[in-house]
Amino acid sequence: MERRNFLKSALLGGIAGAVQLKPGNIFASESKEAQGETDLVAVMGGDPVTMYKRGIASMGGISRFVKKGNKVVVKPNIGWDKKPEFAANTNPELVAAIVKDCLSAGATEVVVFDHTCDEWQACYNNSGIEAAAKAAGARVAFAHDEKYFKEVSLPKGLRLKSAKIHESIIDCDVWINVPVLKNHGGAKMTISMKNFMGIVWDRRYWHANDLQQCIADCSTYSKMPVLNIVDAYRVMTQNGPKGKTTEDVVTAKALFMSTDIVAVDTAALRFFNQFKEMRIEDVSHIQKAEKAKIGTTNLDTIKVERIKI
Amino acid sequence: MYKWFKRGRVLVSLAVAILITLAFLFFSNRDNFFFSSFLKVQFVPALLGVFTGSVIILASLFILVLLFGRIYCSTLCPLGTLQDTIWRVASLFRSKRSRRFKFSTPKKILRYSILAISAIPLLFGSSFVISLLDPYSNYGKISSEIISRSEQFLHNILSSIFPDSIFFRTYSQFIAISFFFALGFLILVTIMSVFRGRLYCNTICPVGTTLGFISKFAAFRPVINKESCNKCQLCISNCKSECIDLEKGEIDVSRCVACFNCMTVCKRDAVSYKFMWGKRDVDNVFPAKGRREALVTMGLLGSFIAARAISRKNPSAPLNTSDGIAPPGALSIANLKSNCTACQACVSACPNGIIKPATGEYGINGLLMPVLSFEKHFCGYDCNVCSQVCPNGALIPLTLEEKKLTQIGQVRFYEDKCIVVTDNTACGACDEHCPTKAITMIPYGDKGLTIPIVDRDICIGCGGCEYVCPATEKAMLIEPTSVHMVAKKPIVEKQEKVVVDDFGF
């Protein structure tokens, strides 16, 4: 009896496995790796979800970055206890779209978290990100206590030699960085590299030890995001990064994505510069990162695709 | 019949004690004010909050006591319920004989002097003494310091078992004096109740003494029928107030908490809860005397409230020095010190965990009252929880709009300590956290750096800048405003609409 049951379940399991594998195989054969990869995509004029879909398609689909069975982290900016219209945090619809896409690519788990500045539960709630991410099938991780962070050394860092990084980043297979484009009083701009401040525990150290250099140093981390997606649907052009009123926000309807964190920050900065003057030399972490050979600020040397909707 | 009275009393008292405890626990006091609304139905909070919306509650409590005597003490008072519970648990471990109560003579001088020393300072704008003795507030301290901490400990054990679904609760600041006061008080009450039932209520408790005066003229009072009584002492041995004097056949109603124990146990129905208004017993002089005392007490309480009303308008001498920042809604440190009984409802409700019991920030007469500390976090801009949970009116309820303009302190910037000056590198952590933009960044030097500049009129003292400042010696410090002010509204900076339809690269 027992043996029969075992055989039955083994057989069923085998069939289930075969069925599950099948769509994955099709997916893999469809991947656009051969097509000559796009390095950076800029999209304009749509809603966050449409822009994401157009952008990721032109990057070669999410399966270029997320493989079947991957544990994925999607790291938005959830720093502030602000509603989405204040543009202090990443757009929740965008986060949800990315989460869904990762799951459809066969990710076993998608984790969303941020080490917030304001009280974490208020941030998770009022940003709308917790609800959106959960509805899309992600697990929302906690990041409000030091115990969720682990020491990692950054041998290439000039000022930041080590940092305590969130366990979900350490444990994942790939992670996707999803910052929101904002003006910033101290760092001048906060885009992809600055978004790393939400994966570390001790931010105060950065502020006390040459903020711009520390931002660049953290991007020397060996486990970089496979993709950076900059949300510029709503852009906080003044009083950032927290903002006072919706007067600080313009609806710019744009989105940038790239595998090159320096390039995507450069592109987003140039876009921002059209609303408010901002020199790249003043946002010095971008050039410092280029110096550390993390990426390039010269957008002519990479394959850029521009999409207007 | 009395059996059902007693069961009802036990049920109500447990329900109230549980509701009040839940107002102090993390898992039940987030995102709702349901449990904390029950805190207002407490005598001292209602008395102190009489000018801030508790008038109906206070009147209802008076009517309750006027009708049924100190039934308040055995239903609504959580400390009373705690003492009964302790006695009950302790009696499980004792022989029947040692479980018996005896009659004790009233400790009038002690009771009255304690009442006087706790009430008189209230007239002069200090709620300090009452804050150490008030049964509700001390129950609050026990809930916050002991029960809530145990809850947190359990929560964190669960969080290590289910790390993905239950979060770790960062341990809040431990204020030794507050913890040990609560622990000491709990031990005192435990010892008193284990050996003598409601001894605390009938010797120390100022609320018990006050309500005792009024209950002498209560409509319903426990009475012994001397004809049916055979002096079997069963009632005495069950009277946790130790107030039945069978020699005289009298019950001291000023100490009786209307627990119905005597009526339940009497085999001859000799003790009954009788309607006493308009009835005159010829050989009992108690009613007339009781009425006089009750009236005098009510009169005194009336003048007490009137006196406080006057001193409210003219707050006693302004404080020159104060190191403490009072929570929003406190109006002023003087107002806090004259209305707060340190129950810690705000301390346990603060989502940011920045309210702590004062150690010396307000001086000795402000001990254990709530003070803000920006060491671990700062005051949330979109949060008014503390002002909503305070039952006393020590923190008046603020709308979010009012809270966002309530200036509890003002920032002072020490430029020489700022990272931008000392290290010549970018920082701006303070500006980042400033919700009103009282801190903004202006160009500094020729390296494209920016340095903070402050506008103290817009600052509300939330402490975001002080908390986050990375300098070894903080460059941003909040100075308390001993009288809270209304900050200027943050400046709304309209932007020119720029039409952008290019990527810019």
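Each value in this text was obtained by applying a stated rule to the coordinates, not by laboratory testing. On a predicted model such as this, the values are computed, not experimentally measured, just so you know. No Cβ is skipped: glycine too gets one built from the backbone with ideal geometry, and neighbour counts run over all protein chains shown.
Please list the radius of gyration and Dmax for the protein assembly as shown, considering alpha-carbon atoms only, with Å as the unit.
That works out to 33.3, 111 Å for Rg and Dmax.
Helix B:108-123 versus the longest principal axis of chain B: what angle, 0 to 90°, nearest 10, using Cα atoms?
In chain B, helix B:108-123 runs at an angle near 30 degrees to the longest axis.
Charges only on Cβ, +1 for Lys and Arg, -1 for Asp and Glu: so what's the dipole of chain B about the Cα centre, in debye to the nearest 20?
Working: 55 positive and 37 negative charges, 819 e Å.
It works out to roughly 3940 debye.
Looking only at chain A, where both bridge partners belong to it, what percent of the DSSP beta bridges are antiparallel (to the nearest 5)?
Details: 22 of 42 bridges.
For chain A, the DSSP antiparallel bridge percentage is about 50.
Based on DSSP H assignment, which helices of chain A show an axial Cα extent of at least 27 Å together with a mean Kyte-Doolittle hydropathy greater than or equal to -1.0? Show your work: numbers first, answer last.
Numbers: long enough: A:2-30 (42 Å, 0.07).
Result, helices passing both filters: A:2-30.
Loop-only trypsin sites (Lys or Arg not before Pro) in region B:1-34, please: DSSP not H, G, I, E or B, and at most 12 other Cβ atoms within 10 Å. Could the numbers behind the result be given before it?
Values: sites: B:3, B:6, B:7, B:9, B:30; in loops: B:30.
When the trypsin sites (Lys or Arg not before Pro) of region B:1-34 are filtered for loop state and at most 12 Cβ neighbours within 10 Å, B:30 remain.
Taking chain A as a Gaussian network, where each spring joins two C-alpha atoms under 10 Å apart, which residue of A:212, A:238, A:121 fluctuates the most?
Between A:212, A:238, A:121, it is A:121 that shows the largest mean-square fluctuation.
Can you report the principal axis dimensions of chain B using only the alpha carbons, biggest first, rounded to whole angstrom?
103, 56, 43
Can you give the Rg/Rh ratio of region B:1-130, where Rg is from the C-alpha atoms and Rh is the Kirkwood radius?
Details: Rg = 17.5 Å, Rh = 17.3 Å.
Ratio of gyration radius to Kirkwood radius: 1.01.
Could you derive backbone 3J(HN,Hα) for region A:292-304 from the dihedral phi with the Karplus parameters 6.51, -1.76 and 1.60 (θ = phi - 60°), listing whole Hz in sequence and x where the residue is Gly or Pro?
Taking θ as phi minus 60°, the curve returns 7, 6, 7, x, 10, 9, 8, 6, 6, 8, 10, 8, 10 Hz for region A:292-304.
Mind checking which of B:300, B:165, B:110 is farthest towards the positive end of the protein assembly as shown's charge dipole, using Cβ charges of +1 (Lys, Arg) and -1 (Asp, Glu) about the Cα centre?
B:110
If each residue's Cβ is checked for other Cβ atoms within 10 Å, how do B:325, B:71 rank with the fewest at the top?
Numbers: B:325 29, B:71 25.
Ranking B:325, B:71 by Cβ neighbours within 10 Å, fewest first, gives B:71, B:325.
To make sure I understand the rule: partners must be aspartates and glutamates, Cα under 14 Å from the Cα of residue A:288, and not fewer than 8 residues away in the same chain. Which ones qualify?
A:210, A:217, A:265
Using alpha carbons only, how many angstrom separate the centre of region A:36-83 from the centre of region B:99-129?
One Cα centre to the other: 70 Å.
Taking amide hydrogens as modeled 1.01 Å from N in the peptide plane, which residues meet the under 5 Å criterion relative to residue A:307, leaving out close sequence neighbours?
A:42, A:43, A:44
Going by amide H atoms built from the backbone, whose H comes under 5 Å of the H on residue A:162, apart from near neighbours?
Long-range HN contacts for residue A:162: A:154.
Counting only helical runs of four or more DSSP H residues, what would the 222 nm mean residue ellipticity of chain B come to if each run contributes -39,500 (n - 2.57) and the total is spread over all its residues? Before the final figure, lay out each step's value.
Numbers: 23 runs with 216 residues, N = 505.
Rounded to the nearest 500, it is -12500 deg cm²/dmol.
Rank the residues A:210, B:323 as a footprinting-exposure proxy: fewest other Cβ atoms within 10 Å of their Cβ go first. Intermediate values should be presented prior to the final figure.
Details: A:210 23, B:323 12.
Fewest to most other Cβ atoms nearby, the residues stand as B:323, A:210.
I need the phi-derived Karplus couplings for region B:377-392: 6.51 cos²θ - 1.76 cosθ + 1.60, θ = phi - 60°, integer Hz, Gly and Pro marked x.
Once rounded to whole Hz, the list reads 6, 9, 6, x, 5, 9, 9, 9, 4, 4, 5, 7, 8, 5, x, 8.
Hand me the GluC sites (Glu not before Pro) from region B:223-277 located in a DSSP loop with no more than 14 other Cβ atoms within 10 Å, in residue order please.
Working: sites: B:227, B:242, B:247, B:250; in loops: B:227, B:242, B:247.
Of the GluC sites (Glu not before Pro), the ones in loops of region B:223-277 whose Cβ has at most 14 other Cβ atoms within 10 Å are B:227, B:247.
Checking the a/c ratio against 1.5 first, then a/b against b/c, what shape does the Cα gyration tensor give for region B:377-505?
On the way: a/c = 2.52, a/b = 1.39, b/c = 1.81.
In terms of gyration-tensor shape, oblate.
Taking the number of other C-beta atoms within 10 Å as the exposure measure, put A:290, A:281 in order starting with the fewest.
Numbers: A:290 19, A:281 11.
Going from least to most buried by this count: A:281, A:290.
What percent does the relative contact order of region B:147-226 come to when contacts are Cα pairs within less than 8 Å and at least six residues apart?
On the way: 25 pairs, mean separation 9.4, N = 80.
Taking the mean separation of contacting Cα pairs over the length of region B:147-226, I get 12 percent.
What percent does the relative contact order of region B:15-147 come to when contacts are Cα pairs within less than 8 Å and at least six residues apart?
Values: 93 pairs, mean separation 33.8, N = 133.
RCO, region B:15-147: 25 percent.
What relative contact order, as a whole-number percentage, does chain A give when Cα pairs under 8 Å and 6 or more residues apart are counted? Can you show the working numbers first?
Details: 660 pairs, mean separation 66.5, N = 309.
Taking the mean separation of contacting Cα pairs over the length of chain A, I get 22 percent.
For chain A, modelled as a GNM with alpha-carbon contacts under 10 angstrom, which of A:122, A:107, A:143 fluctuates the most?
Looking only at A:122, A:107, A:143, the biggest GNM fluctuation is shown by A:122.
What's the center-to-center distance, using Cα atoms, between region B:416-450 and region B:23-66 in Å?
46
So what's the angle, to the nearest 10 degrees on a 0 to 90 scale, between helix B:55-68 and the longest Cα principal axis of chain B?
With both axes taken from Cα atoms, the answer is about 20 degrees.
Given R₀ = 41 Å, what would the calculated FRET efficiency be for residue B:245 paired with residue B:123, taking r from the Cβ atoms and rounding to 0.05?
Numbers: r = 35 Å, r/R0 = 0.85.
The value I calculate is 0.75.
Indicate, rounded to the nearest 5 percent, the antiparallel portion of the DSSP beta bridges found entirely in region A:35-188.
Working: 6 of 17 bridges.
In region A:35-188, DSSP labels about 35 percent of beta bridges as antiparallel.
Assign one of three labels to region A:161-223, namely rounded, prolate or oblate, based on the Cα gyration tensor with a ≥ b ≥ c the square roots of its eigenvalues; rounded applies when a/c is under 1.5, prolate when it is not and a/b is larger than b/c, and oblate otherwise. Don't skip to the answer; put the middle values down first.
Details: a/c = 2.09, a/b = 1.30, b/c = 1.61.
Note, shape of region A:161-223 comes out oblate.
When the Karplus curve 6.51 cos²θ - 1.76 cosθ + 1.60 is applied with θ = phi - 60°, which whole-Hz ³J(HN,Hα) does each residue of region A:110-122 get, with x for Gly and Pro?
10, 10, 10, 7, 7, 7, 7, 9, 6, 3, 5, 5, 5
Could you check which residue among A:187, A:208, A:42 shows the biggest mean-square fluctuation in a GNM of chain A with a 10 Å Cα cutoff?
Fluctuation is largest for A:208.
Which translational diffusion coefficient, to the nearest whole µm²/s, is obtained for region A:37-308 from the Stokes-Einstein equation, given a Kirkwood hydrodynamic radius over C-alpha pairs, 10 °C and 1.306 mPa s? Mind showing how you got there, number by number?
Values: Rh = 18.0 Å.
Estimated via Stokes-Einstein, D reaches 88 µm²/s.
Give the long-range amide H neighbours of residue A:150: residues separated by 5 or more places, or on another chain, with amide H under 5 Å away, using H modelled in the peptide plane at 1.01 Å from N.
Correct list: A:165, A:166, A:167.
How about region B:50-101: which trypsin sites (Lys or Arg not before Pro) there are in a DSSP loop, with at most 15 other Cβ atoms within 10 Å of their Cβ? Don't skip to the end; give the middle numbers.
Working: sites: B:70, B:88, B:94, B:96, B:97, B:99, B:100; in loops: B:70, B:94, B:96, B:100.
Those that pass, being in a loop and sparsely packed, are B:94, B:96, B:100.
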